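Student: If you scroll down you'll find the structure; I have some questions about it.
The values are calculated or read from the model by the stated rules, or taken from the named source; none is laboratory data. Quick caveat: nothing in here was measured; it's all calculated off a predicted structure. Neighbour counts are summed over all protein chains in view; Cβ atoms, including those assigned to glycine, are modelled from backbone coordinates with ideal geometry. With ligands, DNA and RNA removed, areas are computed over all heavy atoms of the protein, side chains included. Shrake-Rupley method; radii C 1.70, N 1.55, O 1.52, S 1.80 Å.
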Amino acid sequence: MRLEVRHLELVVAIADCGSLRKAAARLHLTQPAVTTQLKRIEDHLGGVLFLRTADGVRLTPTGQDFVREARSMIAQLQTLERVTRRNAHSSGGPTRLAGIPAYHFGLLASALKDAVTSRTVKETGTLTALLTTGEIDLAVMRRFPGTALTLPPNAGHRLLTREPLFVGVPEHHPYADGTEVPLAALADDKWVMPEPDDSGMNAHFARECAAAGFEQRIAHFSGEAHVALTLIRESGAVCPLYPVGGTPPGVARLPVAGNPLVREVVLAWRLDAPVAREVDDLCAQVAVGYRKLVEESEVYARWWRNGGEAFALSS
């Protein structure tokens, strides 16, 4: 017999779980299989790694030393795999992009032309993990006030845009024909909001509404834009809307007075990725493309011309 990675993983799983039964469940094996494999490992090593107790198992001093070294070796192998994959990618492979389904994402993919593979991912934690492990090179992420964006030490980042969040109201709403709406004027309206997630968006809204003197009356949760827009038009609810894009019939898109609701769109990248050398040029291309989208959105263009540009490009 020779020790293999699966043997190390088995012993570590038993140590983590504290019982053969729980380790078997984690490893998707039967308990007898785990017991037999552990005995073979201990026989091969010539020493007992675990003492059986009424509650499960506990490590012997020999077992403690084994598990410590096994963890180190497993971590080294994982690092070797990540580095090899990254090196293989860097020798001519496409840039790997992931991020929130914002317009910036599409603009960035377009700027990278054919040398890119991409996928949309909404969860901040997932994007951070993918950057950390080297599974992606670039990430388009969102940041809301009150929620920190914590990136790995091997990542750089840059603010792409500081966007105001507008609201969609039904065409019969008292403010539908206005140029903006005070947040406090929505105190009695029912809201459509996305499901709470790790971005902090819902918490940001709750704080700003509280500062305006009311608690949101959330009647619907949906992350699908077409569902939210239908609920605005058909049920009279109100909903946050991003400023870029068209507005369907029956819905008015309005800036909020004072711009209390904000989203920052951030580009993050691995410092060791080949695309890191292109970040300045990519950001410039995204900025040009985004400004074209602003001009195509009537309400956003008017807001931008009335002093919004300084807000959007600040900090």
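Student: Name every residue in region 218-243 that is of a type in the set (D, E, K, R) and either at pLDDT 95 or above or exposed (fewer than 14 other Cβ atoms within 10 Å of the Cβ) (or both), in order of residue number. If you could, list the steps in order and put the result at the bottom.
Tutor: To start, the set of residues in region 218-243 that are of a type in the set (D, E, K, R) comprises 224, 233-234.
Of everything in region 218-243, those that are of a type in the set (D, E, K, R) and either at pLDDT 95 or above or exposed (fewer than 14 other Cβ atoms within 10 Å of the Cβ) (or both) turn out to be GLU224, GLU234.
Student: It is to be established whether one or more residues within region 87-95 are modelled with pLDDT of 90 or more, buried (at least 20 other Cβ atoms within 10 Å of the Cβ), in contact with a helix residue (DSSP H, G or I) (Cβ under 7 Å, 6 or more places away or on another chain) and among the hydroxyl-bearing types (Ser, Thr, Tyr). Even if it seems obvious, please write down each step before you answer.
Tutor: From region 87-95, those modelled with pLDDT of 90 or more are 95; that's our starting set.
Right, trim to buried (at least 20 other Cβ atoms within 10 Å of the Cβ) and you get 95.
If we keep only those that are in contact with a helix residue (DSSP H, G or I) (Cβ under 7 Å, 6 or more places away or on another chain) too, we end up with 95.
Imposing the further condition that a residue be among the hydroxyl-bearing types (Ser, Thr, Tyr) reduces the set to 95.
Yes, region 87-95 contains at least one residue that is modelled with pLDDT of 90 or more, buried (at least 20 other Cβ atoms within 10 Å of the Cβ), in contact with a helix residue (DSSP H, G or I) (Cβ under 7 Å, 6 or more places away or on another chain) and among the hydroxyl-bearing types (Ser, Thr, Tyr).
Student: Another question about this same structure. Mind checking whether some residue in region 259-268 is out of contact with any Leu (no Cβ under 7 Å at 6 or more places or on another chain) and either under 21 Å from ARG142 (Cβ atoms) or buried (at least 21 other Cβ atoms within 10 Å of the Cβ) (or both)? Lay out the reasoning, then the answer.
Tutor: Filtering region 259-268 for residues out of contact with any Leu (no Cβ under 7 Å at 6 or more places or on another chain) gives 259.
Okay, now just the ones that are also either under 21 Å from ARG142 (Cβ atoms) or buried (at least 21 other Cβ atoms within 10 Å of the Cβ) (or both), so 259.
For region 259-268, residues out of contact with any Leu (no Cβ under 7 Å at 6 or more places or on another chain) and either under 21 Å from ARG142 (Cβ atoms) or buried (at least 21 other Cβ atoms within 10 Å of the Cβ) (or both): present.
Student: All but one of (1) touching a residue at least 40 places away in the same chain (Cβ under 8 Å); (2) in a helix (DSSP H, G or I); (3) among the basic types (Lys, Arg) hold for LYS22, so report the exception by its number.
Tutor: (1)
Student: Run down LEU267, LEU229 and say which single residue is over 23 Å from the mean Cα position of the chain (by Cα) and either assigned to a helix (DSSP H, G or I) or under 30 Å from PRO94 (Cα atoms) (or both). Full working, then the answer.
Tutor: Values: LEU267 fails: over 23 Å from the mean Cα position of the chain (by Cα).
After ruling out the rest, the residue left standing is LEU229.
Student: For region 157-187, name all the residues that are open to solvent by 10 Å² or more (accessible area, probe 1.4 Å) and under 30 Å from ALA284 (Cβ atoms).
Tutor: Of everything in region 157-187, those that are open to solvent by 10 Å² or more (accessible area, probe 1.4 Å) and under 30 Å from ALA284 (Cβ atoms) turn out to be HIS157, ARG158, LEU159, LEU160, ARG162.
Student: Turning to a different aspect of this structure: Exactly one condition in (1) open to solvent by 80 Å² or more (accessible area, probe 1.4 Å); (2) touching a Leu at 6+ places or on another chain (Cβ under 6 Å) is false for ASP43; which is it?
Tutor: (2)
Student: Residue by residue through region 10-40, note down the ones that are under 19 Å from MET73 (Cα atoms) and either surrounded by 14 or more Cβ atoms within 10 Å (Cβ to Cβ) or in contact with a helix residue (DSSP H, G or I) (Cβ under 6 Å, 6 or more places away or on another chain) (or both).
Tutor: As a first pass, look at region 10-40 and keep what is under 19 Å from MET73 (Cα atoms): 10-16, 27, 38.
Correct list: LEU10, VAL11, VAL12, ALA13, ILE14, ALA15, LEU27, LEU38.
Student: So LEU165 clears everything in (1) in contact (Cβ under 8 Å) with a residue 60 or more places away in the chain; (2) farther than 27 Å from LEU267 by Cα except one condition, right? Which one?
Tutor: Failing condition for LEU165: (2).
Student: Identify all residues within region 209-226 that are out of contact with any Lys or Arg (no Cβ under 8 Å at 6 or more places or on another chain) and either among the small types (Gly, Ala, Ser) or assigned to a strand (DSSP E or B) (or both); write none if there are none.
Tutor: So the first thing to find is which residues in region 209-226 are out of contact with any Lys or Arg (no Cβ under 8 Å at 6 or more places or on another chain), and the list is 209-216, 221-222, 224-226.
Listed by number, the residues that qualify are ALA210, ALA211, ALA212, GLY213, PHE221, SER222, ALA225.
Student: Which members of region 188-207 meet the condition of being over 22 Å from the mean Cα position of the chain (by Cα) and either open to solvent by less than 50 Å² (accessible area, probe 1.4 Å) or under 23 Å from THR150 (Cβ atoms) (or both)? Walk me through it before giving the result.
Tutor: Keep residues of region 188-207 that are over 22 Å from the mean Cα position of the chain (by Cα), which gives 188-191.
Passing the criteria: ASP189, TRP191.
Student: Further question on the same structure: Among the residues of region 288-305, is there at least one that is open to solvent by 20 Å² or more (accessible area, probe 1.4 Å) and within 26 Å of ALA148 (Cβ to Cβ)?
Tutor: Of region 288-305, the ones open to solvent by 20 Å² or more (accessible area, probe 1.4 Å) are 288, 291-293, 295-296, 298-299, 302-303, 305.
Pick out the ones that are also within 26 Å of ALA148 (Cβ to Cβ) and you get none.
The answer is no, given that none of the residues of region 288-305 is open to solvent by 20 Å² or more (accessible area, probe 1.4 Å) and within 26 Å of ALA148 (Cβ to Cβ).
Student: What are the pairs with Cβ atoms under 7 angstrom where one residue, in region 132-143, is in a helix (DSSP H, G or I) and the other, located anywhere, is of a type in the set (D, E, K, R) and surrounded by fewer than 21 Cβ atoms within 10 Å (Cβ to Cβ)? Sequence gap at least six, or different chains.
Tutor: Close Cβ pairs (under 7 Å, with a partner that is of a type in the set (D, E, K, R) and surrounded by fewer than 21 Cβ atoms within 10 Å (Cβ to Cβ)) amount to THR133/ARG82.
Student: Quick one: in region 49-72, of everything that is more than 19 Å from ALA24 (Cα to Cα) and without any contact (Cβ under 8 Å) to a residue 40 or more places away in the chain, which residue is surrounded by the fewest Cβ atoms within 10 Å (Cβ to Cβ)? Walk me through how you get there before you give the answer.
Tutor: Step one: filter region 49-72 for residues more than 19 Å from ALA24 (Cα to Cα), giving 60-62, 64-66, 68-69, 72.
Those left that are additionally without any contact (Cβ under 8 Å) to a residue 40 or more places away in the chain: 60-62, 64-65, 68-69, 72.
Values: THR60: 15, PRO61: 9, THR62: 15, GLN64: 13, ASP65: 13, ARG68: 13, GLU69: 11, SER72: 11.
Here the answer is PRO61.
Student: Let me ask something else about it. Can you tell me which condition ARG162 does not meet? The list is (1) touching an Asp or Glu at 6+ places or on another chain (Cβ under 7 Å); (2) within 20 Å of PRO248 (Cβ to Cβ), and all the others hold.
Tutor: The single condition ARG162 does not satisfy is (2).
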